[in-house]
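Enquirer: Structure provided below as structure tokens; questions to follow.
The values are calculated or read from the model by the stated rules, or taken from the named source; none is laboratory data. Given the structure is predicted, the values throughout are model-derived calculations rather than measurements. Here the Cβ positions follow ideal geometry from the backbone for every residue, glycine too, while neighbour counts run over all protein chains shown. What goes into the accessible areas is simple: the full protein's heavy atoms, side chains included, and nothing from ligands, DNA or RNA. Shrake-Rupley method; radii C 1.70, N 1.55, O 1.52, S 1.80 Å.
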Amino acid sequence: MPLAVPDEPNDIWSMDFMHDQLSDGRSFRLFNVLDDFNREGLGFEANFSLPAVRVIRALDQIIEWCGKPKRLRCDNGPEFISQELEKWTDKHEIQLEFIQPDKPQQNAYVERYNRTVRYGWLSQYLLFQLKRCRTMLLTGFGFTIMNGPTRLMVACHPNICCVQHDLCFWHQLKMG
């Protein structure tokens, strides 16, 4: 059964984690958030550890930029099933929807987006420091990855980029 396309922005956001390694073998994680309506990457955070409180902080920042979603779709990872996230979604009146275990196709939009990030960006660079990863994402590389229905636009603007407490986001610039 195909994944339904929402009728408007901020109806449902998908979120997921990716893993990669620096050149010295240290693993790091990327937390990605995608609006299912237009497959727009709304934000990300990169760090060695991303517990639920970091996920919440990232979501708060994205909501400040984009408004809040009605629903959040995610897997059953420990960051997503935490009491902190459950309390946060209740407080913000956001419905939390979990996919079934071992069924990533139920979160296909963000999985496809992750593939674009991996093969269109991560696999193209040898990263020596996490700081360089964040800097590259904030400065936007000066390019856009367009790949099928998934769009990854990296852009930087003073009103939408934030670097504080090792927090790093990017957001597509709205034109018009």
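Enquirer: Could you report segment 47-98's accessible area per residue, 1.4 Å probe, as an integer in Å²?
Expert: Numbers: 2750 Å² over 52 residues.
Counting only protein heavy atoms, the per-residue value for segment 47-98 is 53 Å².
Enquirer: I've got another one for you. How would Ser27, Ser82 rank on accessible area, largest to smallest, probe 1.4 Å?
Expert: Largest accessible area first, the list is Ser27, Ser82.
Enquirer: Roughly speaking, what is the stretch gain from Glu8 to Leu96, that is 0.36 nm per residue apart minus the C-alpha to C-alpha distance, in nm to one decimal?
Expert: Working: separation 88, 0.36 × 88 = 31.68 nm, distance 1.79 nm.
Gain on extension, Glu8 to Leu96, equals 29.9 nm.
Enquirer: May I pose another question? When the accessible area of segment 25-89 is computed with all protein chains present and a 1.4 Å probe, what percentage of it is carbon and sulfur?
Expert: Values: 1270 of 2450 Å².
Here it works out to 52 percent.
Enquirer: Multiplying the sequence separation of Tyr119 and Ser49 by 0.36 nm and subtracting their Cα-Cα distance, what value in nm do you get?
Expert: Working: separation 70, 0.36 × 70 = 25.20 nm, distance 2.26 nm.
Between Tyr119 and Ser49, full extension yields 22.9 nm more.
Enquirer: Using DSSP to call loops (not H, G, I, E or B), can you name the GluC sites (Glu not before Pro) in segment 30-124 whose Cβ has at most 12 other Cβ atoms within 10 angstrom? Present the calculation step by step, with values, prior to reporting the outcome.
Expert: On the way: sites: Glu40, Glu45, Glu64, Glu79, Glu84, Glu86, Glu93, Glu97, Glu111; in loops: Glu79, Glu93.
Here the GluC sites (Glu not before Pro) that fit, given the DSSP loop and packing criteria, are Glu93.
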